[in-house]
1. Using the Cβ atoms and a cut-off under 14 Å, what net charge is assigned to the surroundings of P99, where Lys and Arg are +1 and Asp and Glu are -1?
2. Kirkwood hydrodynamic radius, the chain, all distinct C-alpha pairs: what's the number in Å?
3. Determine the calculated [θ] at 222 nm for the chain from helices alone, applying -39500 (n - 2.57) to every DSSP H run no shorter than 4 residues and normalising by the residue count; nearest 500 deg cm²/dmol.
4. Report, to the nearest 10°, how far helix 14-29 tilts away from the longest principal axis of the Cα atoms in the chain, using its own Cα long axis and a range of 0 to 90°.
5. What percent do you get for the relative contact order of segment 3-136 when only Cα pairs under 8 Å and 6+ apart count?
6. Starting at 0 and stepping by 10 Å, how many percent of the alpha carbon pairs of segment 73-138 end up in each bin?
7. With the crude spin-label approximation of a point 7 Å out along Cα→Cβ, what separation in nm comes out for D7 versus E117?
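What follows draws every value from the coordinates through simple rules; no lab data is involved. Everything quoted here is computed from the prediction, not taken from an experiment. For neighbour counting, all protein chains shown are included, and Cβ atoms are generated from backbone atoms with ideal geometry for every residue, glycine included.
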Amino acid sequence: MRWGDMDAYGHINNVQIVRMLEEARIAAFGPPRGAGLPGVEPPVAIFNDVEDGIMTLVVEHKVRYVRTLDYRNIPADVEIWVGAVKGASFDLHYLIKDPVTGEECVKASTHLAFVDEATGRVRRLTPEQKERLEPYRA
């Protein structure tokens, strides 16, 4: 958590919560192709291992604020796992916990798809991509 993530009430702002989800996603699965290389190889480099001309796009976010996440000067705990894996898309799920109390503060999911940059059409996941996601399903 950063000082600038706080709102006027001392809570982490809702926009910054979505940014935290993004950072957890990139830490776990790598940056989108063309965005640079991670400093540490992520466990599943599915986002930076797609062919040229394919974009990894967010289709939808769902965020449920269970309780406020108060600013603390230490990192929040973010759990991330793979949910449904479909033919052309998949879901990531998140749980953000207060780093001091361990209380659940945010439950969220992101629906993602690979899209052909030239045509704008959704691309089906390859069997290899589905296989890479499988160990992280819950």
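1. On the way: positive: R2, R67, R72, K97; negative: D5, D70, D77, E79, D98, E103, E104.
Surrounding charge for P99 is -3.
2. Working: mean 1/r = 0.0628 Å⁻¹.
About 15.9 Å for the chain.
3. Taking each H run of at least 4 residues, the total per residue is -5000 deg cm²/dmol.
4. It works out to around 50 degrees.
5. It comes to 23 percent, rounded to a whole number.
6. 19, 38, 25, 15, 3
7. So the label points at D7 and E117 sit 3.6 nm apart.
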